[in-house]
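A short write-up of the structure that comes next.
The values are calculated or read from the model by the stated rules, or taken from the named source; none is laboratory data. Please read these numbers as outputs of a predicted model, since none were measured by experiment. Glycine also receives a Cβ, built like all others from the backbone with ideal geometry; neighbour counts cover every protein chain displayed. Surface accessibility is based on the protein's heavy atoms, side chains included, excluding ligands, DNA and RNA. Shrake-Rupley method; radii C 1.70, N 1.55, O 1.52, S 1.80 Å.
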Amino acid sequence: MSAATTRSRTPDRLCAEAVDLARSAAEEAAAPGVVGEHAGLSSEGDRVVTHFFECKELGYRGWRWAVTVARASRAKFVTLDEVVLLPGPDALLAPEWVPWSERLRPGDMGPGDLLPTDAEDLRLEPGYSGEDEPAPNAPVSEEMAELVEAEDAEVTAGAPSNLPMAPSRGSITSVAEELGMRRARVLSRYGLHVAADRWEESYGAKTPMAQAAPASCVTCGFLSPIGGSLGQAFGVCANEFSPADGRVVSLTYGCGGHSEAAVMPKPPRPAPPVIDETRVDPFPLRPSPDSGSVSVGADGDSAELGHS
């Protein structure tokens, strides 16, 4: 270890004794009464010492006023370098900053909030690609679509209750399962209407979220369509940040997580009214004789009142 390194770790005597100078500098920079007791010192180098004072200001628990003093070579006077408020080893610190895109969680969006969607969002793709490939929500994958060949429907013997739960693709049983014919009972039209009314009330056009939305779900890329007659008025929301994620929503519903919320045009504002304050419009104090309110041949008494 060199002699210079040893000298830098040993506090300078005159700088270490300049506690009053450091305290007065801290009190001048801080508010009155927030500079506490002397909490030690630290050698920053040759003839450079930092004094620490407790901070009594509310909200800064564990913080310290750091006052750095220095002395020039062969000089007998200590000068002030800087005053700063620094956190101590047990200081109360704010949590680490996290970008909003990582801080946002499902359910954080409220009425009137907008969530811009990135142009390269992996959850969205163009509505048309020009390629002959199955849709993302197709029942078969692209690999399966290349392997599947047209086959005649297979007739499987036995009652439906004795058939396996996953019938082979292309069989009459699989077609019947897709059409809902394997169930003993299906939803009636009344049941459909009751469900539609319930969904419309929860996630419909009259909700506060939909009233403050920039557009409706019918134009949103996160809307997954459903089949059947309900698909004409409802769909499933697939936006994880939307309050309706995984819910059946009305096509007239909307929220700030619309896929095109960042590019939605704003409605034009009407032009302010123009008032010409430089022009004077003359108004007569008495009506004209031929205006119709007073006859031309009226007497003096009736003329004063304007009517007979």
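Side notes on the structure shown:
- Added length on full extension, which subtracts the Cα-Cα distance from 0.36 nm per residue, Ala91 to Ser188: 28.4 nm
- Placing pseudo-labels 7 Å out from each Cα toward the beta carbon at Glu54 and Glu37 gives an inter-label distance of 0.5 nm.
- Amide hydrogen proximity for Val48: with H placed 1.01 Å from N in the peptide plane, the residues at 5 or more positions away or on another chain lying under 5 Å are Asp12.
- Summarising the amide proton neighbourhood of Glu260: residues at separation of 5 or more, or on other chains, whose placed amide H is nearer than 5 Å comprise Gly221.
- Förster radius 25 Å - calculated FRET efficiency between Arg61 and Asp81, Cβ distance, rounded to 0.05: 0.45
- Applied to region 245-258, the Karplus parametrisation 6.51 cos²θ - 1.76 cosθ + 1.60 on θ = phi - 60° returns per-residue 3J(HN,Hα) values of 4, x, 9, 7, 10, 6, 5, 8, 6, x, 8, x, x, 4 Hz, with x for Gly and Pro.
- In loop segments of region 77-127 as defined by DSSP, the chymotrypsin sites (Phe, Trp or Tyr not before Pro) with at most 15 further C-beta atoms inside 10 Å of their C-beta are Phe77, Trp97.
- Using θ = phi - 60° and Karplus 6.51 cos²θ - 1.76 cosθ + 1.60, couplings along region 81-95 (whole Hz; Gly, Pro as x): 9, 7, 10, 8, 9, 10, x, x, x, 10, 6, 7, 10, 6, x
- The accessible area of Trp65, taken with all protein chains in place and a 1.4 Å probe, comes to roughly 30 Å².
- Surface share of carbon and sulfur [accessible, 1.4 angstrom probe, percent] for region 80-124: 56 percent
- Residue-count net charge about Arg23 - beta-carbon cut-off 14 Å; Lys, Arg +1, Asp, Glu -1: -4
- Taking amide H positions as modeled 1.01 Å from N, with prolines and chain starts lacking one, the residues under 5 Å from Val35 and 5 or more places away or on another chain are Lys56.
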